[in-house]
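In what follows, a structure is listed as structure tokens, so that the remarks can point back to it.
The numbers here are math on the coordinates, done by the rules we state, and not lab data. Bear in mind that the values here come from a model prediction, so they are computed numbers and not experimental data. All Cβ positions, even for glycine, are placed from backbone atoms using ideal geometry, and neighbour counts span all protein chains on display.
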Amino acid sequence: MSVKQLRTEEMLINMGPQHPSTHGVCKLVIKMDGEEVKYIQPHVGFLHRSIEKIAENRNYPQFVPYTDRIDYCASMNANHAYVVAAEKLGDVEIPERAEYLRVIMAELNRIASHLVWLATFTIDLGAVTPFLYAFREREDILDLFEMTCGQRLTYNYMTIGGVGWDIPKEFEPKLRQFLKIFPSRIDDYEDLLTNNPIFLHRTKGVGVLPKETAYEYSVSGPSLRGSGVKWDIRKAEPYSIYDKFDFDIPIGTEGDAWDRYKVRLQELRESAKIVEQAIDGLPGGDFKKKVPLTWKPPEGEVFCRIEAPRGEMAYHIISDGTPKPYRMKIRTASFCNLQVLPIIGVNHMIADLVAIFGSLDIILPEVDR
Amino acid sequence: MGLVKETTSGIYNLLLGLWVTFKHLFRKPVTLQYPDERWEMPERSRGTIVLLSDPETGELNCTACMLCAKACPVAAITIERKKDPETKKNYPTLFTLDTTVCCYCGLCEQACNFDAIKLTGKYEFSVSDKSELLYEMDFLQEIGRDVKYVKKKKAAKKAKKAAPKKDTGEKSAEKPAAKTAEEKKEDSNEEDKAKDKTSGEPKEKGPEDKTE
């Protein structure tokens, strides 16, 4: 009996929701032909907490702690998106020092978030060492956050009207120390990974995301830039004070997993550059403007988007003049980015699917909200 | 030719990676052996919530003004209060904190005007029974006894002590710098409203009736 006569059939496999490489609780229903993936259907919603509905029953300042939970790897950026939107809605002017502090924190959190991505992505591919190194650097950033606002993950740092706490005395020397050593640490990751033959084989040409597909599915963030599109809200539609800083937008060429890796590593350097400029130019003065608990923005609606580590995060708030929003829609990058997985993941080995999923940097609480 | 080039570059880059890990052999380890060693928690650390007492008299600073209960986004705080007929001061008869829902956001501490509630760097409060996570007033006071704090809101405190007539009027009169007119109104309104209640049902839990 030859191989051709053997009866073969496609096999349906549930990958997740308790699979370690799905980074949370995402379930992928996969049709397999041998080792090859033929069809992918992501099932989301395991982590749904109806945050948008909760927002309708909370006062505006009370909702800030909930934004932390939308994206637990980059809470500062989620905070930032919300407060920028709310301030736009209520026309709140905030002190300049607060803007600078916000940018410092948001960029530090972008670094921390990318480091988590690097750690988990490489451990998905079987490289354990970068995981340890990346978490070591992230620890420094979390220490900085902890001494400023007292928490390591759910910061509740930015408030409507400024930031909750000023930075303590010991913050600046520690931050400068971190900025001094950080570039050499990125070089370490590059030495470990960038030209490593195993890493190259696992990522080069894997999960190619063409520009057009990225447009069609409104992919954003580093995944989009990896495909060679120069689109970053910080440059295209500067919010906060990002127009004051000098930084580049790294882009890839092919749109494969390796390009997305390269873009994120480059973004680590760019973010460190922004933090350095911001801490140099940090003005004195007030760091917050008091906004009462029963703050009432005028009637109307606002749409505001920012560049979070995973892409565009946007808030659409409709106010009816009461202390609680009438409706709040949250657009998160991971939800849109996950939609391209069934397109770019097919016709790959199942091990490559893990690499592709990792390279898109999906975070599940952001998908489900 | 390509194969040779690929092989040499592969070997070189593998060795480069190994060199990076080799260098780390001589670095100081960053791991802390937890139960034996502990990090010093930063001053602002937002861990377990405690109720602060006056270091001199040993009594709670809390005046049961309900501001923390109102500020809490998850309604974790329940307060009941009574009025002392002699001093005309309010004091809490019941103060429970449901740590199963508490999200440690610190909004209660920010709302408090009397240095009464604080998030501290204390940790390790695991229990084997969920019901023990409902902290009562005595327990919260006990774990807060050794917590040092700076009296930030001295003015408000002094006003409260000097004339124990009406919390609201005094407070807003004594704090002209920090508060805007609108806020004063807000605060006194809230406190007046809270006064009418005897039991603290902090905030409406059910969904609002909205026209949707």
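Quick rundown of the values:
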quantity	calculated
Cut-off 9 Å between beta-carbons: net charge of the residues surrounding A:GLU52, Lys and Arg +1, Asp and Glu -1	+3
For the stretch A:336-369 and the stretch A:42-56, distance of Cα centres in Å	19
Cα lying deepest toward the dipole's positive end in the protein assembly as shown, options B:THR31, B:ILE49, B:THR63, charges on Cβ	B:THR63
Max mean-square fluctuation residue, GNM over chain A, Cα-Cα springs under 10 Å, options A:PRO20, A:PRO297, A:PRO250	A:PRO20
Amide H within-cut-off set for A:TYR39, under 5 Å, with H built and near neighbours excluded	A:LYS31
Nitroxide proxy distance, nm - points 7 Å out along Cα→Cβ at A:GLU93 and A:SER184	4.6
Relative contact order (%) - the stretch A:1-137, alpha-carbon pairs under 8 angstrom, separation at least six	12
Relative contact order of the stretch A:264-350, pairs being alpha-carbon contacts under 8 Å that are 6 or more residues apart, as %	18
Orientation-averaged projected area, Cα convex hull of the stretch B:49-146 (nm²)	6.4
Calculated P(r) of the stretch A:1-76 - Cα pairs past 15 Å, %	70
Centre separation in Å (Cα based) which lies between the stretch B:92-129 and the stretch A:214-282	40
Viscosity 1.002 mPa s, temperature 20 °C, Stokes-Einstein D of the protein assembly as shown from Kirkwood C-alpha radius, µm²/s	82
Relative contact order computed over the stretch A:46-367 (Cα-Cα under 8 Å; 6+ residues apart), in percent	28
Separation between Cα centres of the stretch A:119-172 and the stretch A:5-25, rounded to whole Å	34
For chain A, built as a Gaussian network whose Cα springs stay under 10 Å, the top-fluctuating residue of A:GLY126, A:GLY164, A:GLY90	A:GLY126
Tilt relative to chain A, helix A:96-124 - C-alpha long axis, 0 to 90 degrees, to 10	20
Value of D in µm² per second that Stokes-Einstein yields for the stretch A:46-367, Kirkwood Rh from Cα pairs, at 25 °C (0.890 mPa s)	123
Using alpha-carbon coordinates, inclination of helix A:75-90 to the longest axis of chain A, degrees	50
Semi-axis lengths (Å, descending) of the ellipsoid that matches the C-alpha gyration tensor of the stretch A:246-369	35, 24, 10
Cα pair distances of the stretch A:228-291 binned at 10 Å [whole percent]	19, 40, 27, 11, 4
